[in-house]
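For reference, the structure is listed below as structure tokens.
The values are calculated or read from the model by the stated rules, or taken from the named source; none is laboratory data. Source: prediction; values computed, not measured. Using ideal geometry, Cβ is built from the backbone for each residue, glycine included, and neighbour counts are taken over all protein chains shown.
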Amino acid sequence: MKKNPAFHIKDLVVFFKEAKNYFMSREILLAMDFSTRFRSLALWDMNANCLLDCAIMDIDYNNQPSGAISVNQEQGGICAVINNILIKNGLEDNSVSVLSLGIGPGSYTGIRTSISFAQGWSLALGIHLLPINSVEALALQAGKLFSNNEFHLVVDAQRNEFYHAVYRKNNDEKNVIPELIQPLEIISKQEINIFIEKKLPVLGPELENILPSVTALYPLASDIAFLAANLLQQKGENAFQSPESITPIYLRPVQFVKTKTTRVLSI
């Protein structure tokens, strides 16, 4: 007995309608981290709670790693890369409902650039913003890559000083986010060398010329996205921050001395 082909066509129409509704209803989180020379983007499907795609860009044109994208004016910069990753995944600008960004510590210029971009996009399209500590993304990656129970994370703070935090690996399969043991602080190079001499695991980005014994590790937008999605599950809309409230992580006190006004009286 022959099957009715109309039945199959009807099923296909229903399938494609449902597929279209699914893709149109997807809540997308765009994550970015510009805190190092390896600037990265990631797309996270909040409905399926999974990573869709990611891209890594290297701003060091003289040292291109395999698979990294060079960001320059000819390519249209960061806007073009975001547009490309959205198009690649069948999405548009208005598909993104949440923008999560690493706010350092790290490259002050890169972090300021991402914050300015996020603030502009949020004000233009009403996208929710969710800032994430870039060191937390480092900790998440370290917990996945290394077997050590505790690890020291280090980021260059300039002036021969370094941001430093200690995390402990979480062996709970339901919670892979490492536990913070020692909060972020600024310490000296001498103190870091003590950790290295004791053969403690010390990890961090862009330290090969200053502390060659430190294991290179860079924060990734895919981990920023994971942490943001986890935070949204815990706090919901309370996790969002207003555009004007987002600032880089900068532990040093701001030193500002107002210049005295000198008046010249004519006689």
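Mind checking which pairs have a first residue in the stretch 131-147 that is free of Cβ contacts under 8 Å to residues at least 60 places away in the same chain and crowded, with 20+ Cβ neighbours inside 10 Å and a second that is of a type in the set (Lys, Arg) and not in a helix (DSSP H, G or I), Cβ under 7 Å, 6 or more apart or different chains?
GLY143/LYS169
In this structure, does ILE192 turn out to be at pLDDT 95 or above and over 24 Å from PHE34 (Cα atoms)?
Details: at pLDDT 95 or above: yes; over 24 Å from PHE34 (Cα atoms): yes.
It is true that ILE192 is at pLDDT 95 or above and over 24 Å from PHE34 (Cα atoms).
I'm checking my understanding of the structure. Among residues of the stretch 203-216 that are hydrophobic (A, V, I, L, M, F, W, C) and surrounded by 22 or more Cβ atoms within 10 Å (Cβ to Cβ), which one is nearest to the chain's Cα centre (by Cα)?
At the first step, the residues of the stretch 203-216 found to be hydrophobic (A, V, I, L, M, F, W, C) are 203, 207, 210-211, 214, 216.
Keeping just the survivors that are surrounded by 22 or more Cβ atoms within 10 Å (Cβ to Cβ) gives 203, 214.
Values: LEU203: 17, VAL214: 21 Å.
The qualifying residue nearest to the chain's Cα centre (by Cα) is LEU203.
Regarding the stretch 122-129, can at least one residue be identified that is more than 18 Å from the chain's Cα centre (by Cα), β-branched (Val, Ile, Thr), surrounded by 15 or more Cβ atoms within 10 Å (Cβ to Cβ) and farther than 22 Å from PHE38 by Cα?
Pass one, the stretch 122-129, residues more than 18 Å from the chain's Cα centre (by Cα): 123-126.
Filter once more, so that each one left must be β-branched (Val, Ile, Thr): none.
No: the stretch 122-129 contains no residue that is more than 18 Å from the chain's Cα centre (by Cα), β-branched (Val, Ile, Thr), surrounded by 15 or more Cβ atoms within 10 Å (Cβ to Cβ) and farther than 22 Å from PHE38 by Cα.
Mind listing whichever residues of the stretch 153-169 are surrounded by fewer than 23 Cβ atoms within 10 Å (Cβ to Cβ), farther than 24 Å from ALA31 by Cα and touching a helix residue (DSSP H, G or I) at 6+ places or on another chain (Cβ under 8 Å)?
Result: ASN160, GLU161.
So which residues in the stretch 65-86 are surrounded by fewer than 13 Cβ atoms within 10 Å (Cβ to Cβ) and either modelled with pLDDT of 95 or more or outside any helix (DSSP H, G or I) (or both), if there are any at all?
PRO65, SER66, GLY67, SER70, ASN72
If a residue has to be surrounded by 18 or more Cβ atoms within 10 Å (Cβ to Cβ) and out of contact with any helix residue (DSSP H, G or I) (no Cβ under 8 Å at 6 or more places or on another chain) to count, how many in the stretch 87-110 make the cut? Spell out how you get there, then give the answer.
Quick first cut of the stretch 87-110, residues surrounded by 18 or more Cβ atoms within 10 Å (Cβ to Cβ) only: 91, 96, 98-107, 110.
Still in the running and out of contact with any helix residue (DSSP H, G or I) (no Cβ under 8 Å at 6 or more places or on another chain): 91, 107, 110.
Count: 3.
Looking only at residues that are more than 19 Å from THR36 (Cβ to Cβ) and in contact (Cβ under 8 Å) with a residue 40 or more places away in the chain in the stretch 158-189, which one is farthest from the chain's Cα centre (by Cα)?
Among those residues, the one meeting the criterion is GLU185.
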